[in-house]
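To keep things clear, I will list the structure first and then write my remarks on it.
The values are calculated or read from the model by the stated rules, or taken from the named source; none is laboratory data. From a predicted model like this one, the values you see are computed outputs, not experimental measurements. Glycine also receives a Cβ, built like all others from the backbone with ideal geometry; neighbour counts cover every protein chain displayed. In case anyone asks, the SASA skips ligands and DNA or RNA and just uses the protein heavy atoms, side chains included. Shrake-Rupley method; radii C 1.70, N 1.55, O 1.52, S 1.80 Å.
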Amino acid sequence: MERLRLRATGRFFRYCSNRSLFDRRLNTNSENSIHNSTSGYAHGFGKDCRDFHFFSDNHKRNVQTCFGFLRYQGVTFRDSAEKCLLEKTRGFQYRGFGSLAAKVQRNPSFSTLNYDDISYFKEILGEKGVIEDEEWLATANTDWMHKYKGSSKLLLQPRSTEEVSQILKYCNSRCLAVVPQGGNTGLVGGSVPVFDEVIVNMSLMNNIISFDKVSGILVCEGGCILENLITFLDNQGFIMPLDLGAKGSCQIGGNVSTNAGGLRLVRYGSLHGNVLGLEVVLADGNVIDMLGTLRKDNTGYDLKHLFIGSEGSLGIVTKVSILTPPKLFSVNVAFLACSDYFSCQKLLMEAKRKLGEILSAFEFLDSKSLDLVLNHLDGVRNPLPPTVHKFYILIETTGSDETYDRQKLEGFLLHAMEAGLISDGALAQDINQASSFWHIREGIPEALMKAGAVYKYDLSLPVEKMYDLVEEMRTRLSDSANVVGYGHLGDGNLHLNISTAQYDDGILTQIEPFVYEWTSKHHGSISAEHGLGLMKANEIFYSKPTATVSLMASIKKMLDPKGILNPYKVLPHS
């Protein structure tokens, strides 16, 4: 054990660093995996209690907190949420987040599925690849939050790029609309039908094609589940540059199609920088091979970037080539309290300067976020009892030298406490406590769902302005809703959530379009990492000028003239 004295308050942090946290964070076979704790999985907490020892100049206070370890139970976040909340969410009306869902009209140029269509698909996919089962379709037609529900009568499961090509070629010739679907973990209605579109589910295209241990380049099919890729790479001594709460369900093709961000963006950047190549099937069935594995290739237009973040509206991603960094074994996790948002900003600035290359995550949540997790998730304890602070910061460092990294983090925390940026804090003593810290941050979406109805907004904003929107929304809604703010402070991504007992048009009109207008006024983006989907397709002008949207529409028209790929999503209808 080692003690770190924070002289400004006479308080100590105490923690143990004689074992590597990273081993278990990325080892999904370990029952103590921190990796699993960030996934929102069902948590099984043991009775392994640890003491946090806080020392002041005049007295010593021991706070015993039970920190359990996570046991992976083979249940994804989406599965557990559905099982735990199904009875509750069945009472929800199937409706969109905003007014757009009520305005959408089915495109009359699209054909209606008939018996001959089904017979053709069975010829190329076999009976097992053509799903007409009502219960299966009910799940595939509904997003995991139970807010959007389509009426598709057919789900197709191709096993190869050639089969995807044959499906799209036929659908294009018949003008049958298609919705590509991966893990169906999206939050903006982008992965489910709006009407009767044919669902092309990619889950059977889940093979790892190759991995180069020298370069760290992974090539795989688009239906690979993110967590399975993380496990594979962990065994090879590498990690995925992408880490999401929905990793147990989401697929890499969907991640690429939505340009998913997540917890590691502050360290490794976006998928635009990590994806080296793609194989994509266009609406007419043509296969575009951009599956390069070179880090430098400056021959002509880099077309893969058109498809990263296009949400399946330009083509279906069938294969991905991605650069993966080596696994580092020195990991530390700290859970800190700040008295005001300005201190959070200053702490971020200091972390970037003083932690530099070892900073791998910088997450923030407000007191209302912590209250939701403590009240709605079993087994969660406040790491900093008994005081409730206004803001909390979770910092993770990842490096290669345990002694150097520890000393660097200790020096940073000492400086931050002396400067008054931190009012309290705890360093993970062991893997169990580190897991519990991550569970607080990653458990917020699940807690929000258990609390009732929730309006979710994923926004990019200048860091200094992020929390102003939360406060203005609280003033605007008063006591009619619980406004919660949390997110990736390290890259300026706010997750604004408005929690209410039930969905209410009156509350929605108070939220929209105000939230979009405010974001636009402060030069932000109405979609940081979740995409536009159906929810925000008509709101794109708040973030992009008309000329830019017109160019996007021209590209869509060129690559998908009949508009069959994921219609009603991403781009406005007019």
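From the list Leu377, Leu355, Leu409, exactly one residue is surrounded by 16 or more Cβ atoms within 10 Å (Cβ to Cβ) and more than 20 Å from Asp424 (Cα to Cα). Which is it? Break it down into steps so the answer makes sense when it comes.
On the way: Leu355 fails: more than 20 Å from Asp424 (Cα to Cα); Leu409 fails: more than 20 Å from Asp424 (Cα to Cα).
Just one listed residue meets the conditions, Leu377.
Yes or no: the range 97-109 includes at least one residue that is assigned to a loop (DSSP other than H, G, I, E, B) and within 22 Å of Ala260 (Cβ to Cβ).
Just the residues of the range 97-109 that are assigned to a loop (DSSP other than H, G, I, E, B), to begin with: 97-99, 104-109.
Retained after the next criterion (residues that are within 22 Å of Ala260 (Cβ to Cβ)): 97-98.
Yes, the range 97-109 has at least one match.
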Selected residue [over 19 Å from Glu221 (Cβ atoms) and out of contact with any Ser or Thr (no Cβ under 7 Å at 6 or more places or on another chain)] from Ala283, Ala260: Ala283
Ser520 outside any loop (DSSP other than H, G, I, E, B), without any contact (Cβ under 8 Å) to a residue 12 or more places away in the chain and open to solvent by 30 Å² or more (accessible area, probe 1.4 Å): no
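Within the range 171-225, which residues are among the small types (Gly, Ala, Ser) and closer than 22 Å to Ser119 by Cβ?
Keep residues of the range 171-225 that are among the small types (Gly, Ala, Ser), which gives 173, 177, 182-183, 186, 189-191, 203, 210, 215-216, 222-223.
Listed by number, the residues that qualify are Ser173, Ala177.
Residue-wise test of (1) assigned to a helix (DSSP H, G or I); (2) at pLDDT below 95; (3) on the phi < 0 side of the Ramachandran plot; (4) more than 14 Å from the chain's Cα centre (by Cα).
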{"residue": "Leu204", "(1), (2), (3), (4)": "no, no, yes, yes"}
{"residue": "Ser210", "(1), (2), (3), (4)": "no, no, yes, yes"}
{"residue": "Asn228", "(1), (2), (3), (4)": "yes, no, yes, yes"}
{"residue": "Gly254", "(1), (2), (3), (4)": "yes, no, yes, no"}
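Is it the case that Ile395 is farther than 22 Å from Glu471 by Cβ, touching a Phe, Trp or Tyr at 6+ places or on another chain (Cβ under 7 Å) and open to solvent by less than 10 Å² (accessible area, probe 1.4 Å)? Explain how you work it out, then say what you get.
Working: farther than 22 Å from Glu471 by Cβ: yes; touching a Phe, Trp or Tyr at 6+ places or on another chain (Cβ under 7 Å): yes; open to solvent by less than 10 Å² (accessible area, probe 1.4 Å): yes.
Considered against the rule, which asks whether it is farther than 22 Å from Glu471 by Cβ, touching a Phe, Trp or Tyr at 6+ places or on another chain (Cβ under 7 Å) and open to solvent by less than 10 Å² (accessible area, probe 1.4 Å), Ile395 comes out as yes.
Within the range 115-153, how many residues turn out to be part of a loop (DSSP other than H, G, I, E, B) and modelled with pLDDT of 95 or more?
Filtering the range 115-153 for residues part of a loop (DSSP other than H, G, I, E, B) gives 126, 132-133, 141, 143-148, 150-153.
In the following step, the residues that additionally are modelled with pLDDT of 95 or more were identified as 126, 132-133, 141, 150-153.
Number of matching residues: 8.
Here is a yes/no grid of residues against (1) acidic (Asp, Glu); (2) over 24 Å from the mean Cα position of the chain (by Cα); (3) modelled with pLDDT of 95 or more; (4) not in a strand (DSSP E or B):
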site	(1), (2), (3), (4)
Gly277	no, no, yes, no
Asp284	yes, yes, yes, yes
Val320	no, no, yes, no
Lys346	no, yes, yes, yes
Glu350	yes, yes, yes, yes
Some residue of the range 235-242 being within 26 Å of Phe329 (Cα to Cα), within 17 Å of the chain's Cα centre (by Cα), free of Cβ contacts under 8 Å to residues at least 40 places away in the same chain and surrounded by 24 or more Cβ atoms within 10 Å (Cβ to Cβ): yes
Number of the exception - Glu529 against (1) assigned by the TED database to the domain that holds Ala337; (2) under 25 Å from Arg264 (Cα atoms); (3) among the acidic types (Asp, Glu): (1)
Selected residue [within 19 Å of Leu427 (Cα to Cα) and open to solvent by less than 20 Å² (accessible area, probe 1.4 Å)] from Phe307, Phe364, Phe329: Phe364
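Just one of Leu336, Leu414, Leu355 is more than 30 Å from Met205 (Cα to Cα) and out of contact with any helix residue (DSSP H, G or I) (no Cβ under 9 Å at 6 or more places or on another chain); which is it? Steps first, answer last, please.
Numbers: Leu336 fails: out of contact with any helix residue (DSSP H, G or I) (no Cβ under 9 Å at 6 or more places or on another chain); Leu355 fails: out of contact with any helix residue (DSSP H, G or I) (no Cβ under 9 Å at 6 or more places or on another chain).
Sole residue among the options that is more than 30 Å from Met205 (Cα to Cα) and out of contact with any helix residue (DSSP H, G or I) (no Cβ under 9 Å at 6 or more places or on another chain): Leu414.
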Residue that is surrounded by the fewest Cβ atoms within 10 Å (Cβ to Cβ) [pool: residues in the range 539-574 that are farther than 23 Å from Asn141 by Cβ and among the basic types (Lys, Arg)]: Lys557
Filter result for Leu384 (more than 23 Å from the chain's Cα centre (by Cα) and either closer than 30 Å to Ile288 by Cβ or open to solvent by 30 Å² or more (accessible area, probe 1.4 Å) (or both)): no
Considering residues of the range 523-538 that are open to solvent by 30 Å² or more (accessible area, probe 1.4 Å) and assigned to a loop (DSSP other than H, G, I, E, B) only, the residue modelled with the highest pLDDT: His523
Number of the condition not met by Asp401 [criteria: (1) surrounded by fewer than 17 Cβ atoms within 10 Å (Cβ to Cβ); (2) free of Cβ contacts under 8 Å to residues at least 24 places away in the same chain]: (2)
When residues of the range 332-352 are limited to those that are closer than 15 Å to Gly425 by Cα and among the polar types (S, T, N, Q), the one surrounded by the fewest Cβ atoms within 10 Å (Cβ to Cβ): Ser339
